[in-house]
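Have a look at the structure below before the remarks.
The values are calculated or read from the model by the stated rules, or taken from the named source; none is laboratory data. None of the values given here were measured: they were computed from a predicted structure. Here the Cβ positions follow ideal geometry from the backbone for every residue, glycine too, while neighbour counts run over all protein chains shown.
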Amino acid sequence: MWRRFGVLDWIRIGLLVLGLVSVPVGLLPWEAAAESLDDIGPLLIFLVAIIVLAELTKEAQVFDAIAARMAVLGRGNYAALFFLCVAFASFITIFLNLDTTAVLLTPVMLALAPKARIAALPLAMTTIWLANTASLLLPVSNLTNLLGMEKIGLDAQEFAARMWAPQIASIAVTMVFLWVFFWRRGERRDLRYTPPVLEPVADRVLFAAASAGCLLFIVLLLLKAHVAVAATAAAAIVVGAFLVRARERLTWSLIPWQLVIFVTGLFLVVPMLSRNGLSDLMTWMIGADGDPYRTAAVGAGLSNLINNLPAYQAVETVIPAAERDRLLSLLVGTNVGPVVTPWASLATLLWFESCRRNGVKVPMRRFLLTGTGLAVVGLAATVWALVAFG
């Protein structure tokens with residue numbers, strides 16, 4: 001079992017061990033540790049439920065069917081396929097979170113590429129860029145949004161009312177960069193693509209149950225249900241269907257233990273570091289003038305340096321809850337900005353692994369340069385939209 005652990009697994013375990021050890025040695029008071037763990041209880045329930053829902057939805061071939069029909073709907077026209085892929089990836093990111101797009105949608109899109117004789121890299125870049133930049137609209141879209149919800153003090157509908165303009169801006173900029181650097185004819189070479197042949201789903205009952213579970217999740221969010229409750233209820237429907245129809249597919253590997261360990265360790269280590277000098281550094285970096293552009297830039301820079309989750313946690317602790325616009329600009333930085341380095345977000349790390357498994361080569365120099373351009377232009381446009389329509 002130990003040999004199966006990769007480098008990332010050991011980093012996650014090490015982070016948790018560091019956080020646990022910091023309590024008895026006095027670097028983090030027991031009360032602070034207990035409060036932090038109490039805060040992430042509902043968050044961990046949501047994470048487990050939404051990953052199980054997404055994994056089983058993929059097993060039920062819902063994503064495969066949508067992707068194939070999307071390619072057929074495009075009728076060989078690359079421009080039409082481009083807009084359909086953007087809409088599909090954005091929808092999955094917004095309602096089922098960015099990790100679902102990176103982990104589950106990426107293999108589906110890459111599997112579609114040879115069937116339709118489409119270049120794989122444009123499809124892959126569409127999923128990973130939109131996994132990050134399309135994760136602003138709802139609390140469930142990104143883990144950083146969920147981390148900040150209590151301090152920001154907005155429910156799902158109020159959050160969407162504040163973030164709809166920034167979300168449109170970030171997606172629009174992403175579309176421009178995707179088309180110019182990956183989708184235009186000079187990059188893809190072919191004038192048209194071959195629509196794939198539609199294949200029937202293996203089990204219509206599982207397909208219907210998974211579709212119903214996803215729809216229920218969206219409806220419950222619109223009804224202002226807690227994200228943990230909505231995800232658990234939706235996952236329960238799909239799990240029940242698999243218990244009846246395909247019990248052998250319900251394995252312990254569905255539980256995202258790596259993510260649970262990482263988040264738990266993060267919620268212990270960041271408060272410990274904040275109490276031992278990190279807060280002073282973060283205060284100096286974001287400044288005292290409340291500049292939303294500077295706050296977003298710091299969040300983006302730290303995300304590409306150390307990962308967006310610890311970056312958000314570190315900066316959020318020094319921003320007062322009353323400065324809601326500043327907290328939202330930090331979310332812009334930690335959501336839209338992590339498109340430069342491979343470790344900037346968990347979704348990007350998982351995406352690189354998925355590309356490797358599917359034999360897709362990602363030119364690193366091109367990835368870094370185009371990602372840097374997207375981060376700079378995307379941040380400027382998105383923060384402007386946040387300020388202008390706030």
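Within region 275-311, restricting attention to residues that are touching a residue at least 24 places away in the same chain (Cβ under 8 Å) and over 28 Å from Val376 (Cα atoms), the residue that is surrounded by the most Cβ atoms within 10 Å (Cβ to Cβ) is Arg275.
Within region 231-242, does at least one residue satisfy the condition of being among the β-branched types (Val, Ile, Thr), touching a helix residue (DSSP H, G or I) at 6+ places or on another chain (Cβ under 9 Å), at pLDDT below 85 and in a helix (DSSP H, G or I)? First the steps, then the outcome.
So in region 231-242, the residues among the β-branched types (Val, Ile, Thr) come out as 232, 237-239.
With the extra rule that they be touching a helix residue (DSSP H, G or I) at 6+ places or on another chain (Cβ under 9 Å), the set shrinks to 232, 237-239.
Checking which are at pLDDT below 85 leaves us with none.
No: region 231-242 contains no residue that is among the β-branched types (Val, Ile, Thr), touching a helix residue (DSSP H, G or I) at 6+ places or on another chain (Cβ under 9 Å), at pLDDT below 85 and in a helix (DSSP H, G or I).
Among the residues in region 322-344, are any under 23 Å from Gln167 (Cα atoms), free of Cβ contacts under 8 Å to residues at least 12 places away in the same chain and more than 19 Å from the chain's Cα centre (by Cα)? Yes, region 322-344 has at least one match. Return yes or no: is Ala113 more than 20 Å from Pro342 (Cα to Cα), out of contact with any helix residue (DSSP H, G or I) (no Cβ under 7 Å at 6 or more places or on another chain) and of a type outside the set (Lys, Arg)? Against the criterion (more than 20 Å from Pro342 (Cα to Cα), out of contact with any helix residue (DSSP H, G or I) (no Cβ under 7 Å at 6 or more places or on another chain) and of a type outside the set (Lys, Arg)), Ala113 does not qualify.
Here are Val205, Val201, Val229: which of them is closer than 20 Å to Val48 by Cβ and either touching a residue at least 24 places away in the same chain (Cβ under 8 Å) or not basic (Lys, Arg) (or both)? Walk me through it before giving the result.
Details: Val205 fails: closer than 20 Å to Val48 by Cβ; Val201 fails: closer than 20 Å to Val48 by Cβ.
Being closer than 20 Å to Val48 by Cβ and either touching a residue at least 24 places away in the same chain (Cβ under 8 Å) or not basic (Lys, Arg) (or both) holds for just one of Val205, Val201, Val229, which is Val229.
Looking at Leu268, Leu273, Leu305, Leu278 in this structure, which one is of a type in the set (A, V, I, L, M, F, W, C), assigned to a helix (DSSP H, G or I), at negative phi and under 18 Å from the mean Cα position of the chain (by Cα)? Working first, answer last.
On the way: Leu268 fails: under 18 Å from the mean Cα position of the chain (by Cα); Leu273 fails: under 18 Å from the mean Cα position of the chain (by Cα); Leu278 fails: under 18 Å from the mean Cα position of the chain (by Cα).
Unique residue meeting the criteria: Leu305.
From Ala79, Ala124, Ala49, Ala87, grab the single residue that is touching a helix residue (DSSP H, G or I) at 6+ places or on another chain (Cβ under 9 Å), assigned to a helix (DSSP H, G or I), farther than 28 Å from Leu206 by Cα and of a type outside the set (Phe, Trp, Tyr). Only one candidate passes the filter, namely Ala79. The set of residues from region 77-107 being crowded, with 21+ Cβ neighbours inside 10 Å and modelled with pLDDT under 80 comprises Asp99, Thr100, Val103, Leu104.
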